[in-house]
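Take a look at the structure below.
Every number here is computed from the coordinates shown, using simple stated rules; none is lab data. As the structure is a computational prediction, the values presented were derived from the model and not from experiment. Note that each Cβ is placed from the backbone with ideal geometry, even for glycine, and that neighbours are counted across all protein chains shown.
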Amino acid sequence: MKFLYLLFASVIIVGANELDFLDEIDSDVAVFEEDKSALNIRTKISFLKNSHSDDAKTFYLNVREHATHYLYDFRVIADEDIQSFNVKELYYQGKFAKNSFYEIGRINIKEGIARGYNPTDYFKGTTSLTLSNDTKERKDNRLGAILFSETLFLDKFTLKGIYSPKISVDKNTFLSDVEHVGLHLDETNYHDRASLYVDYSGFKDITSSIILHYNEDNLNFGINLSYVYSNWIFYVENSLKRAQNDITKSIYTMSEHPLIEEKFAQKNSYINEVSVGFNYTSESNIVTTVEYIFNSAGLDSADWEDWFVLGKQNLSLGGTLSTLRGKIAEDESLMSQDSFFIFSRVSDIQTNLDASFLAWLNPYDGSTLSQIGLEYAYDDSMQTNFYFRNYQGNKESEYGSFPNDYEFLIEGEYFF
């Protein structure tokens, strides 16, 4: 009965507005203008067919309200084995002055102008409620952190400060991950973190921001810069920090085998991450993004060869390396030093029918992950989605070594 109760509907994983990284807050518009349709209830049932792994059937419920001074977003996720209730966001909005506002509570901070990978998305982590390969979708659907933020508008400058405290909690309690219900504060508030954002809009067709972020790696420095020219948007997002790389952190977190630690764990170093790309909207309303991503702390061609050689020489490490890759994916991190990302979306190829294409490419081994999607809305309250994912490459390549050759996802959604 508990399972049936929790199945009563769904987390809607919605596609993004491809140009949302240019959204700005207009200080001349009321920040707290209430949405006329504030309460949204969305349900979804999904079936994932895998070529080799077990198939998965999942039910979701999303109850969300964005009113004048508050927002809440609750998610119920249920399959044949696990049923969980999640507080994705819950916060209050207020004003100290006419040109400022504050927010306090659980908030999902999503930063960065890039589409495929966001180096300056400093609040990312292991709390995404979807394992989608679309970074935008993962960002939109993760648990927020407990924090306080203050935004101040000063002519052409916008200043924003954020503080998220460390909250120490015991395992298997309501504040962490007790069965069925848990706030997961041990994952969202695992360290004191703070950010200072400075946005400047004084240049025509150019948006820019500088971010100073403090976390367990001490100080991180980030830049976001974009330029609009006709139907084109060119952008670069960059982050520089001194820290252990994400692979090393995962190795030590999981207490991996000494051979893996000896081969892939590194000491603190300067890590440079860059996403550079463009976004083009055609006359027929096809929106396409192409992005190159550089991560100085990722695996290069030689490192990937060592990765698979180690797995072949010691077969017992094969499962361990696979688990490590899964952990890095959950952390919303990238394995490779160089990657390419492509995303294209066309609306209304026929009435109420949208299509999309997504691809990740490893330039070292030529392996790819691609996805074709179709989304059809019967009316304002019902929608069906079809996604086909394909993994191409030999068994000793980044994407060819995935357990499945393909995945076929069918989703049925109902909006109240």
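Between Phe148 and Tyr102, what is the label-point separation in nm under the 7 Å Cα-to-beta-carbon projection? In this crude label model, Tyr102 to Phe148 measures out at 0.5 nm. Our summary gives the stretch 345-416 a relative contact order of 26 percent, counting only alpha carbon pairs under 8 angstrom and 6 or more residues apart.
Note: relative contact order over the chain, using C-alpha pairs below 8 Å and six or more positions apart, is 12 percent. Annotation: amide H of Asp405 within the under-5 Å range of Ser51, His52, sequence separation 5 or more or interchain, hydrogens built in the peptide plane.
For the chain, the 222 nm mean residue ellipticity estimated from helices alone, with every DSSP H stretch of n ≥ 4 adding -39500 (n - 2.57) and the total spread over all residues, rounds to -4000 deg cm²/dmol.
Charged side chains reduced to their Cβ positions (Lys and Arg at +1, Asp and Glu at -1) give the chain a dipole of some 580 debye around its Cα centre.
Distance from the alpha carbon centroid of the stretch 294-353 to that of the stretch 51-125 works out to 24 angstrom.
Using the Kirkwood formula on the Cα atoms of the chain, what hydrodynamic radius do you get, in angstrom to one decimal? Final number for the Kirkwood radius of the chain is 22.8 Å.
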